[in-house]
Every structure is written in C-alpha cells, then in structure tokens.
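Participant: Got a structure for you, written out below as structure tokens; questions coming shortly.
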Number of protein chains: 2
Amino acid sequence: MNLNRLALYLCVLSTLVGICWADDLLPSWTDAPSKKAIIAFVENVTNKDSSGFVPVAERIAVFDNDGTLWPENPLPFQIAFSIDELRRQLPEHPEWKDDKFIQSALAGDIAPLLADHYKGLFHLVAVTGSGMTTTAFAARVRDWLVTAKHPKFAKPYDQLTYQPMQEVLAYLRSNGFKTFLVSGGGSDFMRVFSERVYGIVPEQVLGSHAAVVYELRTDGPVLLKTMNSLFVDDGPGKPEAIHQFIGRRPIACFGNSDGDKAMLEYTTMANPHPSLGVIVHHTDSEREYAYDAHPKSSGKLVAALADAPKRNWIIVDMKTDWRTIFAD
Amino acid sequence: MNLNRLALYLCVLSTLVGICWADDLLPSWTDAPSKKAIIAFVENVTNKDSSGFVPVAERIAVFDNDGTLWPENPLPFQIAFSIDELRRQLPEHPEWKDDKFIQSALAGDIAPLLADHYKGLFHLVAVTGSGMTTTAFAARVRDWLVTAKHPKFAKPYDQLTYQPMQEVLAYLRSNGFKTFLVSGGGSDFMRVFSERVYGIVPEQVLGSHAAVVYELRTDGPVLLKTMNSLFVDDGPGKPEAIHQFIGRRPIACFGNSDGDKAMLEYTTMANPHPSLGVIVHHTDSEREYAYDAHPKSSGKLVAALADAPKRNWIIVDMKTDWRTIFAD
C-alpha cells in the first residue's frame, strides 16, 4: 500500500469514527431539533476557534430536579417521603390530629396542600424534616429509598431518573461543565442520592433549606435541623440561590415548569456568553405523564412556555424527542 | 551502556527527582513540626495503601480568610473597603451624620464598632454593601482593590496574601483536594478576587451574606443586594454554612481565631476520616503583626488555642515556621 492510499484509508476511518461518535451522543434522544440544539451549543462553547468559546471554569449548567431529571407525579417524590414519614411517626404525635395539613396528607387529599404557593407541602416537609440531626435525617431518607416504591412504576424512586437527561448530564461533564441541581426539593433530601444517582456531588446541590444549628455533643459535633429561616428554592429563589451558592451566571439551564422561569431568564438573557435554556415538556401520558397548565400537583407550565419562543428556549417534547424515558 | 547500568542510573535519577520534589513542597515553610504535620496528613489520605486513604470527592479543605490567608490588621480588609466607601459616598448621604457607627468609623475610632459581636462592623458592611445590584457592588470592590493601599505595607490589599498559605492551597489542590474559603468576610466581596488571587472559584467561596432579590429589568436580569436575612459566617455559623453549602464534613481546616473554633471541631472531632486542624498564630510583630488574646480589631485567639492540645490541632508559629510572609 502506498502512503497516499494509507492516508486515504485513515481519513475514511476517522470520518467513520467521527460519525459513530456523533451517533453515540445522547443515544436515547431521537434526531429532534432539541437534541441538535443541545449539541450545537456544546460544540460552540467548547470550540477554541469559536467566538462563543467559554473557558472551562465558566461552564456552569443548572438543572431543576422534580419533573426535569425525574418525575414529579403523582406527587413530588419528597412529598411522598414526607407522607410516608408522617405515617411512620404518627403513633408518637397525638397532637397531629389537630393539624389540617397533616390530616389532608394522611387522607390522600392533596389539593389543600397546594394552595397559597404550596404552603401545606412545605409544612409537611418541615414537620418531617426538622427536630433531628442532619445525619439522622439522611438515614431516614436512605431507608425510605430502599423500601418505598412509586405507585405507577412500582420501582424505587431513585431508579426513575430520565435516561435522556442522564445522558445530557454526562455529555456536559465530559465537555468540562460543572453540573448543579437547583431545585425546590430539600438540599438535605437530594444530597442523600445526588452523587450516586446523578454523579452530582453534595457541594453542587442547591435546594430549599432552613437553618441548622451547630452543637458540640460529647460524642462529637452535630447540626440540628430547624424550621427557621426557610428558603424556598423556586421561582425567583432559584437565581437568588444561584448567586449565593455559585456566584456566577450559568450558561445552560434545564427546567420544566414556571418555577424555573426566573432561572431560565437569569441564564439566557443579556448573558455575555452563549447560553442554552431548555424546557422539558411532559407530553407522554403513556410512558410517563402529560401535563402543563393543569398538573396534578406541582409542575405548572404556562408562563415559561409562552415566553419560550421570544427567549429562544428549547422545548423538549418527551413523547417525540426521547426514545426511552427511564434509565434501566 | 548495558541495561543493568541504565536501570541503576534511572533509579538514582528518579530518587534525586523525588528528593528535590520533597524539598519543593511548601518551600516558604521552615522545617517546622507544622509543615511536617501537613505533609504527613496529605501523604496519608492520598496513599491508596493507607488505612487513612480518602477518596478524591471527599477531600474537602476549608480556609478562613482574614488572618489565615491574608492579614486582618489594623482592620479586616473589607472594613477598610467599607470605610473608604463611606468617605466616597458621604456627600450623597447627609442622614449619616446621625449614625453613630458611621461617625465612629469616619473618625477612625474603631472600638465602638467591635462591641456586641462586631455589631457596628456589620452595620458598615451592610450600609456600603446593599441597595445596589451585585454587579455594581463587584465593580466597586474591583475599583477599590486597584486604588487602595494597606497603611503598613503600602501595597494593594490583594497583594498581601501569605505565600506559605498559597503554597498549602496549591499543594492540597495538586493532591486532589477541593479548597473552600469559609470566612466572615462577605461572599460578594471575596468572590471579586478569590479566583484570581487564591485560585478558588466563586462556587467554593462561603462568606457572610444577606438576601438578594431577583428582578427582571428591560436590559436583563439583576440581583439586588439587601440587608435582610443577614447570615454571619463566623463561629458556629461556619459549620452551619459548611453544611448548607458543601453538604459534607471537611477533612482539613485552617483558621486563626476563636471564630474558627467550631469549624475546627466540625472538621476534626469524630470524623470517620483522618483529619487536620491548623491554627495560624500571629507571632511576628516585625514582618506582620503579633496578637492573640488582645487583637486590635478581629482575630481573638484564646479558646481555640487552649483547646488545641487536646484536639491535636497544629499551631503554626508565623515567626519561626514561615521563611517569608507575603507572596511577592
């Protein structure tokens, strides 16, 4: 074989490898515009010759959790945990018979918990997530994840992450991005599984939280979970938390509801870098759920959907854009 | 040259390289017990064959800033910034003539600001650090760092970091550690210079902070700095902030005052991993400052120093343990 022919073979080979590699990107996605937009964005910001190149340290991507990385139906999973905790602890708390939110939850009547910006839901989360050490709380969540199963999918909750989004997380990280959870769920709840399930380390988890109190006990230091100074990481709270915890603007943001609208704006509007805003639209009643304006519990998507065209936010149609929904 | 002789040469060469490398570790430190303790700790937790091995993801090191990575005399640098800001803004604020803390500060009378857990100092920080966007505040700090000079050392404040501590930061990072600032200074203040000066990215800076408020303006999203929900990242606030922001216990902690005592306890007591607690003791009145029980402003060191022996915390004697104080 002469050298020219060898060069030709190598060229063909490398092209084939390149095509295969491109096919391997986000394999659970169909060849939809959403997939193409994500890949085009990543290729632009990581290309040193592109005017849109972004240094590695500034490649910050933020992800909502409930409804974006795993379902939030029929209830956000942390609410399912809280209700299971209420049942478990009920015998020790006779005073709960006078608590209307707790009684609603135990009766499976969720509507009253949603009024007034989910006031009842946060109350449940607070009741079942305070008055113990952070270590004791984490142990309860860990136990629950082992035993509880989702009512529709009959699997442990942490086995219900969306495979296409797992691929996006891995794809971004392999391109130098730091991936953060920015979610209305509790930080202490999400940190129990975020590293194992998403590969997101605890210091990259921003969630709702209340004050903890340091105490030095004879067997060592502990932090007590309280209900004071509750911070709700939703709506405008999301860019506020991003500033407090991350301290710079993300360039990529993935959400699924109006609670993510402010975070999408903060990521994509007047950002000196190229940016990507993505909304996961729940359109698949068979394989998952279909909702936007009228969700069963959380996840209302109206204002962000209306703004999407003028903000150039990408809409992911779960039914058509995702070949598979759940990680196996 | 035969192969045996080549192998011998290579062995001698690699040994020499090894010795030189060891000599290069922390070159601004004398051969003091403190240096040896830091190196022994790092070698233990990074050695896969050691029972004390710690996986990379759990190698979290936390550093106080004022008095630990740079001086806090004659005033913490952020207070110097605040007083300069008061002077600059004075013409626009006639109402400040009735503010006793502001009048004290402008008169150079610092003592009244220190009473009641630094109440006056926090007031100054709030007055000069709220009521503007986070971007505007960062620009002010940036301007100040360019123009202001330290009264004793006649250099810009951000050129006064401790060279031996810069070496510790780099040494830990080269061994897989993530380095965090955990300081009473404001997050928004420290993030202006932390990446450039210490190599610590904004998302690894934990400081005092108050609520920011998200607002979508016609020219883009902003965050307004307020004085609400002030969180003081000092004393027990440090382990509390570490939990909220990092979500797991550090294995190495560097501080210099009683304000770091809780963070040292949280790092070193009943930690399942090996851990390191280090206190920088200001003993060098010529090259820097000498103080512990009676500092000029912040930096009191009594309780933590008393606890050091029983907690196995390492004391760094700045005068004897550091060959040089400042980075050049």
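Just so it is clear, none of the values below were taken in a lab; they were calculated from the coordinates. As the structure is a computational prediction, the values presented were derived from the model and not from experiment. Positions of Cβ are generated from backbone atoms using ideal geometry, with glycine treated the same way; all protein chains shown enter the neighbour counts.
Participant: Say the dipole of chain B comes from +1 at the beta carbon of Lys and Arg and -1 at that of Asp and Glu; which of B:204, B:228, B:133 then lies farthest toward its positive end?
Facilitator: It is B:204, whose Cα lies furthest towards the positive end.
Participant: Could you size up the charge dipole of the protein assembly as shown around its Cα centre, putting +1 on the beta carbon of Lys and Arg and -1 on that of Asp and Glu, and report it in debye to the nearest 20?
Facilitator: So the dipole magnitude of the protein assembly as shown works out to roughly 860 debye.
Participant: Cut-off 10 angstrom, C-alpha nodes, Gaussian network model of chain B. Which of B:161, B:226, B:135 fluctuates the most?
Facilitator: B:135
Participant: Now a separate question. Two decimals, Cα atoms only, Kirkwood Rh: what is Rg/Rh over the protein assembly as shown?
Facilitator: 1.00
Participant: Of A:238, A:97, A:149, which is the most mobile in a GNM of chain A whose springs link Cα atoms less than 10 angstrom apart?
Facilitator: A:97
Participant: I want to verify the translational diffusion coefficient of chain B in µm²/s; compute it with Stokes-Einstein, Rh as the Kirkwood radius over Cα pairs, at 10 °C and 1.306 mPa s.
Facilitator: Answer from the Stokes-Einstein relation: 75 µm²/s.
Participant: Put a point 7 Å out from Cα along the line to Cβ at residue B:132; what are the distances to that point in the other copies, in nm, shortest first?
Facilitator: Copy-to-copy label distances at residue B:132, shortest first: 4.6 nm.
Participant: Lys and Arg at +1, Asp and Glu at -1: add these up for the other residues within a Cβ distance under 15 Å of residue B:140 and post the number.
Facilitator: Net charge in that neighbourhood comes out at -1.
Participant: Also, quick follow-up: In degrees, nearest 10, range 0 to 90: what is the angle between the Cα axis of helix B:111-128 and the longest Cα principal axis of chain B?
Facilitator: Taking Cα atoms only, the helix is inclined about 80 degrees.
Participant: Distances in nm, one decimal, shortest first, from residue B:148 to the same residue in every other copy, taking the label point 7 angstrom along Cα→Cβ.
Facilitator: Once sorted, the set of distances for residue B:148 reads 4.9 nm.
Participant: Determine the gain in length on full extension of the stretch residue B:270-residue B:31; use 0.36 nm per residue of separation and subtract their C-alpha separation, reporting nm with one decimal.
Facilitator: The residue B:270-residue B:31 span can extend by a further 83.1 nm.
Participant: Take chain A, connect every pair of alpha-carbon atoms lying under 10 Å apart with a spring to form a Gaussian network, then pick out the residue of A:310, A:296, A:36 with the largest mean-square fluctuation.
Facilitator: Its mean-square fluctuation being the largest, the pick is A:310.
Participant: How big is the shadow of the Cα convex hull of segment A:77-147, averaged over all directions, in nm²?
Facilitator: 4.9 nm²
Participant: Cα centroid distance between segment B:111-182 and segment B:29-56, in Å?
Facilitator: 29 Å
Participant: Report, in deg cm²/dmol and to the nearest 500, the calculated mean residue ellipticity at 222 nm for chain A, where each DSSP H run with n ≥ 4 adds -39500 (n - 2.57) and the sum is divided by the residue count.
Facilitator: -12500 deg cm²/dmol
Participant: Among A:299, A:282, A:270, whose Cα sits farthest toward the positive end of the charge dipole of segment A:246-328 (+1 at Cβ of Lys/Arg, -1 at Cβ of Asp/Glu, about the Cα centre)?
Facilitator: A:270
Participant: What are the distances, in nm and sorted shortest first, from the label point of residue A:220 to the label points of the same position in each other copy, with each label point placed 7 Å from Cα along the Cα-to-Cβ direction?
Facilitator: Reported distances to equivalent positions: 4.6 nm.
Participant: Which whole number gives the average, over all residues in B:220-227, of C-beta atoms from other chains lying within 10 Å of the residue C-beta?
Facilitator: 4
Participant: Given a Förster distance of 35 Å, report the FRET efficiency between residue A:306 and residue A:230 from their Cβ-Cβ distance, rounded to the nearest 0.05.
Facilitator: Efficiency at R0 = 35 Å is approximately 0.75.
Participant: Ok, one more. Helix A:33-46 versus the longest principal axis of chain A: what angle, 0 to 90°, nearest 10, using Cα atoms?
Facilitator: Tilt of helix A:33-46: around 70 degrees.
Participant: Further question on the same structure: Take the Cβ-Cβ distance between residue B:57 and residue B:328 as r, set R0 to 30 Å, and report the resulting FRET efficiency rounded to the nearest 0.05.
Facilitator: So, using R0 = 30 Å, E works out to roughly 0.30.
Participant: Return the whole-Å distance between the Cα centroid of segment B:196-211 and the Cα centroid of segment A:307-328.
Facilitator: 34 Å
Participant: Ranked highest first by the average count of other Cβ atoms within 10 Å around their residues, in what order do A:175-182, B:288-295 fall?
Facilitator: Per-residue Cβ counts within 10 Å, averaged per peptide and sorted highest first, yield A:175-182, B:288-295.
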